[in-house]
Amino acid sequence: MNYLKTAMLLAGLTALFGAVGYLLGGPTGMLLALLFAAGMNLFAYWNSDRLALSSQGAQEVDESTAPELVRMVRDLAQRAQLPMPRVYVIDNPQPNAFATGRNPQNAAVAATTGIMQILSREELAGVIAHELAHIKNHDTLTMTVTATIAGAISSIAQFGMFFGGNRDSHHGLGTIGSIALAILAPIAAMIIQFAISRSREYDADRMGGQICGNPMWLASALAKIENAVHQVPNEAAERNPATAHLFIINPLTGGGIDNLFSTHPATENRVAALEALAAEMGVARIAPEQRGSFLSGAGSSPWNGSASGDGRWNAPRPRGPWG
């Protein structure tokens with residue numbers, strides 16, 4: 001059902017883009033708008049991962065630079081029956097993570113230094129499993145397409161505002177109509193984009209809980225990250241807000257509830273869904289008093305390494321089933 005919903009929302013986004021082109025230039029404008037969108041999507045298809053990683057200052061790591069993290073990703077990828085993705089570390093104190101790439105064969109997982117410092121090994125495994133679920137579901141490509149089309153709608157609507165539409169035909173909007181279009185079209189695109197993003201997060205949470213074997217690890221991680229992101233700003237994400245939907249928790253300031261302008265579902269709703277999944281799998285649920293400690297406590301973590309001068313990530317050997 002969620003796949004059908006995503007397909008319908010993507011169709012709506014594409015139709016909105018064509019409608020904007022039509023209002024600005026008639027049939028010719030619609031054709032040009034769709035051709036423009038196709039060109040942007042083709043570029044994004046091949047370069048989205050590099051653009052997203054570069055915008056966050058991510059550095060690729062391997063077994064010689066971050067052996068524990070890489071081994072965890074490899075073992076979880078095997079559990080998910082996925083090819084080994086590239087692994088990146090972002091030198092950023094805000095705890096967060098995201099996945100990107102056009103398909104499972106060309107995917108990457110990125111984690112901040114902050115998330116490796118505040119989460120336990122089990123919680124970090126839940127987060128990585130969530131990101132691998134996005135890769136397995138091909139969400140990374142879907143979200144790239146939505147972000148690209150939404151951005152193109154904003155660009156073409158602003159273009160129409162400056163040129164006032166096609167005044168020589170009955171399709172022209174005039175100055176007032178073009179200004180209204182420049183304001184309303186991007187808002188409509190954002191609503192559709194965010195709706196797609198929110199629908200995919202619940203699926204990735206569920207699959208991630210199944211991949212790591214314990215949904216409560218991910219539930220605990222989400223609660224800790226939610227608390228921390230409001231205290232630690234992510235300057236790179238603030239400079240590039242179009243990437244916000246990629247992260248496991250919205251890295252931008254503000255938000256936190258299910259509404260039209262939120263890129264993520266409310267964390268409390270995600271935790272509740274994971275608790276229900278844990279009950280299905282026979283895993284103990286989080287007691288209300290324990291949930292509070294997830295929000296306020298940093299917890300112990302074996303990932304208390306630091307980035308050295310040459311960009312290498314040094315972390316002590318972790319304990320647990322993925323050693």
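The values are calculated or read from the model by the stated rules, or taken from the named source; none is laboratory data. Bear in mind that the values here come from a model prediction, so they are computed numbers and not experimental data. Don't worry about glycine lacking a Cβ; one is built from the backbone with ideal geometry, like all the others, and counts go over all protein chains shown.
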Quiz item: So which of TYR45, TYR22, TYR3 is modelled with pLDDT under 90 and over 21 Å from THR144 (Cβ atoms)?
Solution: TYR22
Quiz item: Which numbered condition trips up ASN214, out of (1) at pLDDT 50 or above; (2) more than 22 Å from LEU76 (Cβ to Cβ)?
Solution: (2)
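Which fully enclosed strands (runs of 3 or more DSSP E) of the range 52-165 have 3 or more residues being at pLDDT 95 or above and over 17 Å from the mean Cα position of the chain (by Cα)? If you could, list the steps in order and put the result at the bottom.
Details: elements: 58-61, 86-90, 97-101, 107-112.
Result: 58-61.
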Quiz item: Listed residues GLY101, GLY25; which is within 24 Å of ALA204 (Cβ to Cβ) and either in contact (Cβ under 8 Å) with a residue 24 or more places away in the chain or of a type in the set (Ser, Thr, Tyr) (or both)?
Solution: GLY101
Quiz item: Which of the residues spanning the range 234-248 are modelled with pLDDT of 85 or more and not in a helix (DSSP H, G or I)?
Solution: ASN234, PHE247, ILE248
Quiz item: Taking the condition over 23 Å from the mean Cα position of the chain (by Cα), in contact (Cβ under 8 Å) with a residue 12 or more places away in the chain and part of a helix (DSSP H, G or I), does LEU34 pass?
Solution: yes
Practice problem: Scan the range 78-89 for residues that are surrounded by 23 or more Cβ atoms within 10 Å (Cβ to Cβ) and in contact (Cβ under 8 Å) with a residue 40 or more places away in the chain and report the count. | Solution: 2
Self-check item: Selection within the range 90-116 - farther than 24 Å from PHE43 by Cα and surrounded by fewer than 18 Cβ atoms within 10 Å (Cβ to Cβ)
Solution: ASP91, PRO93
Exercise. Tally the residues that are at pLDDT 85 or above and of a type outside the set (D, E, K, R), restricting the search to the range 253-270.
Key: 4
Quiz item: Does PRO95 qualify as being under 28 Å from HIS230 (Cβ atoms) and touching a helix residue (DSSP H, G or I) at 6+ places or on another chain (Cβ under 9 Å)?
Solution: yes
